Amino acid sequence: MLRVFGSAGFCWALIVLISFPREALSRFTNLNLRPDTDNAPFLHGVASGDPLNDRVLIWTRVTPAAGVGMNDSLSLNWAVWEVNSSQSFETPLFNGTGNTSFNVDFTITVDVIGLNPDTKYFYQFQDENGNSSVVGTTRTLPVGDVENVNVAITSCTKLQAGYMNAYRHVSKQDDIAFVAHVGDYIYPQHSYECNRFLYGTCDNKEEFNWFQKCKEFQDADPSASNGNQFLDDFASSFQCQENSLLERSRWVHAFYLLDPDFRAAKQAHPFIVQFDNHDVDGTGGEFKDDVQAFLEWVPVRFTIEGNVVNTSRNFELGNLADFVIIDTQSFREKEVTLLGNEQEQWFGKQLAESNSTWRLIGSPKMVVPYAMNGFPKGISLVFCFIWLIILSMLSLCCCLEYAYTDIKVNEDKTKELSHYEVKVDDNSSVPAVDTGVSCFGKVLMHRAYNIHRSSPKLLRRCTLCGFCSVCTWLLVWLVLGIVLSSLPILTGEGDEIVYLSDSVRVWGGHYESLKLMFAQMEENGADYNNVFLTGDMHFTVLADVVDFDESDASTLLDYEPSASPDKTNKRYGVEFLPASGTSPNVDEKIELVLGWDGALKWWLTSVIEFLTRRSNPHFRKFNGRDHGYGILRLNEERINAEVYYHDKFVLGDEAELSIEGTIKSMENRWSNIKG
């Protein structure tokens, strides 16, 4: 319990840093969002996924014409042919016909069987009227003796946070076997990083809605000069209050595929995707609406038993590597297990049956601990007191500003936030304030107003506005954080590992599950050459996966990366978290919260990076500023890892090779790290 207290206080400043952003970055003038009108009605492109050595899934979505009803079915022709051949859609290797309907949102996934291993193929779809989709490229996995394989890794691709330059760059990599997307493929939730457009959910309780505002941004967008009627119809046809969670989830997937760079990557390579907490909600593996939409819009191999969906899969790359991808979202049980008993048994079986040189393990959640024990003692108290002062000043300034603001009430009882309208209850009198603030400010004002309105009467009477309510709540929690963070210092205890996050949603909150995984590796003779491919955290992390005792922080802090195996922690492999595709990193959060840019932002980010490395000697490389993706180049003797960074604020196809590292067979640690 004391470890929880210490963790709460120790990490308080970072939690506030993540959860209380102050101001949004500049919104882009070029949205770079447009459907594939050249290949209508296949406006969302094509995709392939989950390749095996003799088959692959191919996918598309046809936008139904006016008059197509919920009970109507559409027929689509498909064809597959080898890249280096004289074949074509008219004279293919394989072809067929499939049907789609409203029940699957007019998507279609075809499992093309009978293909040759390690072979590139073209594929295409055609509707009943002879309209053709863009031609996609896919490939099967190799078998037998395999000399080398290249795999791309990405995660945390938030559309509204920046340009998808990583997708554009990976689409031009010709030697990729597949792209592994290890979580947070889409973000349907509210967000404050509205660089490309205002973002929100479609919910009766959350009136801000990005579909309704899409038309506004399109009108001011230079890229919309092509007469994009579809985007106009897209925005105007969506009515929040009349749509279900399933329909809203489908529209989010549809909206993401308006990004031409996203479509280009999916058109060029097969994807192996696992969902995470931003993609779907809830646990228990239930076949819920958002899971259904995910499986409709992403070509994934899955099984359903009763109402339980299983998306854990294993892919064999000859005798060179196995790629096992696990589900850390659906089956976790608080204080019991992260993967669920059945998935744990399945994972142990994959280890027992693996005869490959390497094991790639895809986990949406970071595996190694992100510890805070190396931070100077009492630093959490310092951060808490600093935030106490800042929030007190914010609350005072907010209330003074509000007291001198003209308050007006609209005749239709709506609240005007600049040019955004927010509908409220008929029984509520709502002040109208023209603030002229950024898109973040509008969303925050709306939320602050709702918090103020739903706060206890005593709190409402003691505060003048929603901002005051927010600040007051945070002040209360900060005082609690100060008390909790003082306990380990005052008692002289606190030898336990203090996690950045010990949430039940991550490995840090499931120490026993991690120990079980290590035990399974030892029992099955698979405690070597394991490479964990992870996401979720918006950092670059190259880490050694080592054994540790969470009740004794010294077992982690004393780890010696250069020491021989008999003189340091037992190693089980390495972890490779390349970077977030676009989701905000440490430096962007600092700018969002404090408004600091330039030297101040660089300095504070550098301090956080230094303290992180000091607390985590198993982190062989850490970067909290950049965005991009990674590539692993495998052969029998070693894996060469590459991290490519791009500027998500500038539309383009430039991505720079920024970090390199090597994993030598049987060493279970990183070496030759550059960059």
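Here, each number is a calculation from the coordinates, and none is a lab measurement. Model, not experiment: these values are computed from the prediction. Every residue, glycine as well, gets a Cβ built from its backbone with ideal geometry; the counts of neighbours run over all protein chains shown.
Worth a mention:
- Distant-in-sequence amide H partners of R620 (H built 1.01 Å from N, under 5 Å): L542, A543, D544
- Using every pair of separate Cα atoms, the Kirkwood estimate puts the hydrodynamic radius of region 263-361 at 14.7 angstrom.
- Isotropic mean projected area of the C-alpha convex hull, region 538-613 (nm²): 6.7 nm²
- Residue ranges 301-307, 146-152 sort as 146-152, 301-307 when ordered by packing (mean number of other C-beta atoms within 10 Å per residue, highest first).
- Above-threshold pairs, the threshold being 26 Å between Cα atoms, out of K349/K621; K158/K570; K515/K621: K349/K621; K158/K570
- Protection proxy ranking of 610-617, 362-369 - average other beta-carbon atoms within 10 Å, highest first: 362-369, 610-617
- Net charge dipole size for region 297-341 [Lys, Arg +1 and Asp, Glu -1 on Cβ; Debye, nearest 20]: 120 debye
- 5 angstrom amide H check on R313, placed H, neighbours 5+ away: I325
- Remark: spin-label model distance S244-N148 equals 5.1 nm, labels positioned 7 Å along the Cα→Cβ axis.
- Global size of region 542-675 as Cα Rg and Dmax, reported in angstrom: 16.7, 50
- Size descriptors for region 82-145, from the alpha-carbon set: Rg then Dmax equal 13.7, 45 Å.
- The length gained by stretching the chain between D552 and T37 to full extension, at 0.36 nm per residue less their Cα-Cα distance, is 179.4 nm.
- Length gained on full extension, E660 to D289, computed as 0.36 nm times the residue gap minus the Cα-Cα distance: 129.5 nm.
- Whole-number percent relative contact order across region 67-140, with pairs defined as alpha carbons under 8 Å at least 6 apart: 33 percent
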